[in-house]
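One structure is given below, encoded as structure tokens.
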Amino acid sequence: MAALLKKIFVENKALKFFSLLLAISLWFFVMGEREAEFSFSEVPLVLLNKSDDLIITTQTADSVSLRVRGSRGILATLSSSSIKAMINLEGVRAGTTTFRNLVDKVKLPNGVKVTAISPADLSVTVEPLVTKIVPVQLTTKGILKEGYEISRISVIPEFVEVQLAKSEADELEKVVTEPLDISGFASDINREVTLVLTGVAPPRTINLEKVSAFLIISEKVIETILSDIKVEVFNSSYRADIVPSTVQLVVKGPYHLVKDVSGGKVKVLIDLAGVVPGSYSKKVQITLPEQVTLVTATPLWFKVVVRRELVSMREP
């Protein structure tokens, strides 16, 4: 008995191995020929042969879900991306068209058929494609260096051509750019910026991808109040009393000058040349740093009482 078992399992190895391979292949063949049902989701809907002068504005679905029956071996080679539902738009004109029974539009290998599809219908709205000329608007982000501002913006070209649906053209008023970062700038900016067609999606197009943006950056002109600036007299050897003794000024000029201007950089004087002792009404003379100008002075006229008491001559 032992010898017989040894003969069965040890001898004729090649024949036995070949028989095993044949059995496995036969099993796979039989199983592959058995029918099965598979489900596929997000099978793309492909729209073909649309007229060039039309644009699709809406469609009720971009894909379908399928349940198909066929040979297990064939179904195992399929995927959602390898199956397509082809919709022929040849001859379709402006308006809404509904395609019924999408089962007929699905392309499958021979021997495979659709048993269920969702959605079963597709509605497509197409409109005439028109060209509209609209202005370009530059958008910015960030903040300039303190004390500076944009004094002028130029975009070249100022207008671009947009191709889109007729109904969309009625709503489109401008094309904007991607935000241009102006953070920390204190001088003029010259950059190319990309256009962005907001509110509508491809295949809407712009005839240009980028425009040139020029920004003139200038220092801000600001106003500030200088209070309690002392009023002084000059060109006199007499003691003089001034009522009131101080003045309030409102001045304006470039940011970096006005921000730092103080009473020490401002002179408010009354000229008493040739004036003898007595009481007078005198207008002040105000000297400001270069590029800083006077807006108002309160008061502008002062009561000056010149006494007989001598003092050192005061010069401006």
Original post:
Roughly how many nanometres apart are two label points built 7 Å out from the Cα toward the Cβ at residue 100 and residue 218?
Top reply: 7.1 nm
Subject >> Linear extension gain, residue 187 paired with residue 225, 0.36 nm per residue minus alpha-carbon span >> reply: 10.9 nm
**OP:** Return a whole-number percent for the relative contact order of the chain, with Cα pairs under 8 Å and 6 or more residues apart as the contact set.
**Re:** 12 percent
Original post:
From the phi of every residue in region 90-103, what ³J(HN,Hα) in whole Hz does the Karplus formula 6.51 cos²θ - 1.76 cosθ + 1.60 yield, where θ is phi - 60° and glycine or proline is x?
Top reply: 4, x, 6, 10, 4, x, 10, 10, 10, 9, 8, 6, 5, 4
Original post:
Distance in nm between label sites at residue 171 and residue 209, each 7 Å beyond Cα in the beta-carbon direction?
Top reply: 2.8 nm
Original post:
Between their Cα atoms, which of 84/166; 141/220; 145/252 are more than 22 Å away from each other?
Top reply: 84/166
Original post:
Highest GNM mean-square fluctuation, the chain, Cα pairs closer than 10 Å: which of 162, 103, 126?
Top reply: 103
**OP:** Please give every one of the aspartates and glutamates within straight-line cross-link reach of residue 174, meaning a C-alpha to C-alpha distance under 14 Å, and leave out same-chain neighbours fewer than 8 residues apart.
**Re:** 158, 161
Subject >> Rounded to 10°, Cα long-axis angle of helix 13-33 versus longest principal axis of the chain >> reply: 70 degrees
Original post:
Pulled fully out, how much extra length does the chain show between residue 107 and residue 72, if you take 0.36 nm times their separation in residues and subtract their Cα-Cα distance?
Top reply: 10.8 nm
**OP:** With no solvent and one equal point scatterer placed on each C-alpha of the chain, evaluate the Debye formula and give log10 I(q)/I(0) for q = 0.08, 0.11 Å⁻¹, two decimals.
**Re:** -0.73, -0.92
Original post:
Once phi is turned into ³J(HN,Hα) by the Karplus curve 6.51 cos²θ - 1.76 cosθ + 1.60 with θ = phi - 60°, what whole-Hz value does each residue of region 113-122 show in order, with x for glycine and proline?
Top reply: 9, 7, 9, 7, 9, 8, x, 8, 10, 9
Original post:
Which ³J(HN,Hα) values in Hz, rounded to whole numbers, follow from the phi angles of region 279-294 under the Karplus curve 6.51 cos²θ - 1.76 cosθ + 1.60, where θ = phi - 60° and Gly and Pro get x?
Top reply: 10, 9, 10, 10, 8, 7, 10, 10, 10, 10, x, 4, 6, 9, 10, 8
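Using the C-alpha gyration tensor of region 35-120, what are the square roots of 5 times its eigenvalues, in whole angstrom, with the largest one first?
Working from the Cα gyration tensor, I get semi-axes of 28, 11, 10 Å.
Just to verify a number: FRET efficiency for residue 308 and residue 250, C-beta to C-beta distance, R0 = 35 Å, to 0.05? Write down the numbers at each step before the final one.
Details: r = 37 Å, r/R0 = 1.05.
Step by step, r from the Cβ atoms, then E = 0.40.
Here, each number is a calculation from the coordinates, and none is a lab measurement. The shown structure was predicted, so the numbers you read here are calculated from the model rather than taken from an experiment. Cβ: placed from backbone, ideal geometry, glycine included. Neighbour counts: every protein chain shown.
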